[in-house]
Amino acid sequence: MAENKFDVVVVGAGFAGLYLLHRLRKMGLSACALEAGGGVGGTWYWNRYPGARCDIESMQYSYQFSDELQQEWEWTERYAPQSEILKYAEHVADRFDLRRDIVFNTKVTSARYDEAEALWVLEDRNGGHTKGRFCIMATGCLSVPNRPNFKGLETFSGPVYHTGSWPHDRVDFTGLRVGVIGTGSSAIQSIPVIAGEAAHLFVFQRTANYSIPAHNGPIDAERVKKVKANYPEMRARAKTTLPGIDARYNTASALEATPEELRAEYERRWQEGGLTFNGAFGDLMLSKEANKTAADFVRAKIREIVRDPDVAEMLCPTNIIGGKRLCVDSGYFETFNRDTVTLVDVRSTPIEEITADAVRVGGRDHEIDALVIATGFDAMTGAILNVDIVGRDGRRLRDKWADGPRSYLGLAVSGYPNLFTVTGPGSPSVLTNMLPTLEQHVDWISDCIGYMEARGLASIEADRDAEDDWVDHVREISDAALKTTTNSWYLGSNVAGKPRVFMPYLGGLPEYIRRSEQVAADGYEGFTLI
Ligand code: NA7
């Protein structure tokens, strides 16, 4: 690293960055990853809030590039907790000796393309400069916390935590009055744990959310044995499903099922637990009427679980199920049966102000000692645009994306030669199981660089037309989709001033793999290579 010049500079040492380093090194290229955090793991390094765990089963939320790795690693729970996923990332970094190519505590502030030298020059917060022929943004989709501007927040006298940037030391809420703002996945996971410690918990809810029980527990040894004996088959099956998760997806229509059949299928999936609840029928995300049958089932469950009918009604979501990402919980709705938990509606009257010792809503002070902000992320584009990326002719990506992200395949941007984005906007990314999805991107990018190396090509750039066509294709699919009728971080609607554009590719993982692989097979059609 002496002269700070590499074949490839990677931004981020989360799961994408780690695998990139491994692949690039195997190709004989020099690569370096610049990482803002003090360790590897990305999302799983920062999101240490109580109850944080993956909502995809451990056996599937893992790398497949190394069979030895997937055979030797032992998950302990059906849904791995954050601490275990972080340990896994650390294990991968050590097992493949990746740390020597990572510079920690190095937040990249800008990346500028030097046309004369055909080099990317990255500047970091420590004043360092790192150069690379290629620059790969492996910055994650949910890595910039969304911090709404609550009036008076700075006057609050107690500690304030954001779920997406949680302290490393355990936070003990024992005996404290705690406020949690938000009822997304992070809040839904943390609320039952915090409620177990706090003297009193106030939950400030703007939009009620659907959540399916995780039925988490120790991992089933028999299942592990079975999966490990047939890992490649399971991975291959997963790639044929829209979200890249191996599960049973029913293609039948909910509208053609009898009420008994509907109930039986939903009940079976509720008892099984997890995200694939929405795979109960093939038209849940196509027809509002079909969707309502699933939504009604979950609402009935909430009314069954929550004893106070007024609180149960407040917790019943009114939008479609699966518009926002479905949540997976461990005792979330049950938590509202505790005398020490109060649900506060901040939809009809938003949070007015935060004072030294309270959250004020509708003129009423809810007194607290500690505040947890679970307001999510500036998703998908946040981390890319946090770096001031300047491409050909001095053009800033922030300007190009002012009305929403524009990218070819979610991998490359016209005007920005030799720059790649892993799971960028316009790719399936967050609508799928992120681990296999990011592996596919890393493989695609590495193969592309390998193709160029073999042919002595120095530069690759997405064509404007190909980019426009892809952006149109992504938009056409999302315009027709039920999913885009709900406000969510997929649309950027959670961040003040963010353009309203549905960012991930809704065409499903198999179609995306087919298209992106076809582009490569056709000699990188839609790109100019010199
Ligand atoms: P989410 O899913 O974006 O949830 C954020 C929550 O915070 C959601 O309930 C928001 O309500 C709420 N929120 C945001 N701003 C405010 C303000 N100003 N006032 C009150 N409430 C607010 O983020 P998560 O971290 O929970 O989960 C993100 C993903 O991580 C998740 O989908 C999984 O994939 C993992 P809103 O719904 O916007 O009305």
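The values are calculated or read from the model by the stated rules, or taken from the named source; none is laboratory data. No experiment lies behind these values; they were computed from the predicted model shown. Note that each Cβ is placed from the backbone with ideal geometry, even for glycine, and that neighbours are counted across all protein chains shown. Remember, those area values only see protein heavy atoms, side chains included, never the ligands or the DNA or RNA. Shrake-Rupley method; radii C 1.70, N 1.55, O 1.52, S 1.80 Å.
Structure above, values below:
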{"item": "Amide H partners (placed H, <5 Å) of ARG53, local residues excluded", "result": "GLN82"}
{"item": "Whether the chain is rounded, prolate or oblate, judged on the alpha carbon gyration tensor where a/c under 1.5 counts as rounded", "result": "prolate"}
{"item": "Share of carbon and sulfur in the accessible heavy-atom surface of the chain [1.4 Å probe, %]", "result": "49 percent"}
{"item": "LYS107/GLU260 FRET efficiency (R0 45 Å; Cβ-Cβ; nearest 0.05)", "result": "0.20"}
{"item": "Segment GLU267-GLU115, extension gain: residue separation times 0.36 nm, minus the distance between their alpha carbons", "result": "48.8 nm"}
{"item": "Set of aspartates and glutamates near LYS301 by C-alpha distance (under 18 Å), chain-local residues within fewer than 8 positions excluded", "result": "GLU260, GLU261, GLU265, GLU267, GLU272, ASP310, GLU313, ASP329, GLU334"}
{"item": "Gyration tensor verdict on the range 62-191 (Cα atoms; rounded if a/c is under 1.5, prolate if a/b is larger than b/c, oblate otherwise)", "result": "oblate"}
{"item": "Pairwise label distance in nanometres, ILE477 with TYR249, each label 7 Å out on the Cα-Cβ vector", "result": "1.1 nm"}
{"item": "Helix-only [θ]222 nm of the chain, DSSP H runs n ≥ 4, -39500 (n - 2.57) each, per residue, nearest 500", "result": "-9500 deg cm²/dmol"}
{"item": "In order through the range 36-44: 3J(HN,Hα) via Karplus (6.51 cos²θ - 1.76 cosθ + 1.60), integer Hz, x for Gly, Pro", "result": "5, x, x, x, 7, x, x, 2, 7"}
{"item": "Cubic angstrom per residue, convex hull over Cα atoms of the range 256-316", "result": "91 Å³"}
{"item": "Among the listed pairs LYS226/LYS324; LYS26/LYS228; LYS131/LYS400; LYS87/LYS226; LYS228/LYS324, those beyond 31 Å (Cα-Cα)", "result": "LYS226/LYS324; LYS228/LYS324"}
{"item": "Zone residues, the range 434-467, relative to ASP522, backbone N less than 11 Å from point 7 Å out along Cα-to-Cβ", "result": "466"}
{"item": "Segment HIS168-ASP447, extension gain: residue separation times 0.36 nm, minus the distance between their alpha carbons", "result": "96.7 nm"}
{"item": "Amide H contacts under 5 Å for PHE6, placed H, 5+ residues apart", "result": "LYS131, GLY132, ARG133"}
{"item": "Segment ARG147-ASP465, extension gain: residue separation times 0.36 nm, minus the distance between their alpha carbons", "result": "110.9 nm"}
{"item": "SER348/GLU77 FRET efficiency (R0 56 Å; Cβ-Cβ; nearest 0.05)", "result": "0.90"}
{"item": "Tensor-based shape of the range 275-386 (alpha-carbon gyration tensor, a/c under 1.5 rounded, otherwise prolate or oblate)", "result": "oblate"}
{"item": "Å² per residue, accessible surface of the chain at 1.4 Å", "result": "41 Å²"}
{"item": "Karplus-derived 3J(HN,Hα), 6.51/-1.76/1.60, for each residue of the range 463-470, Hz, glycine and proline x", "result": "6, 4, 5, 5, 5, 4, 4, 5"}
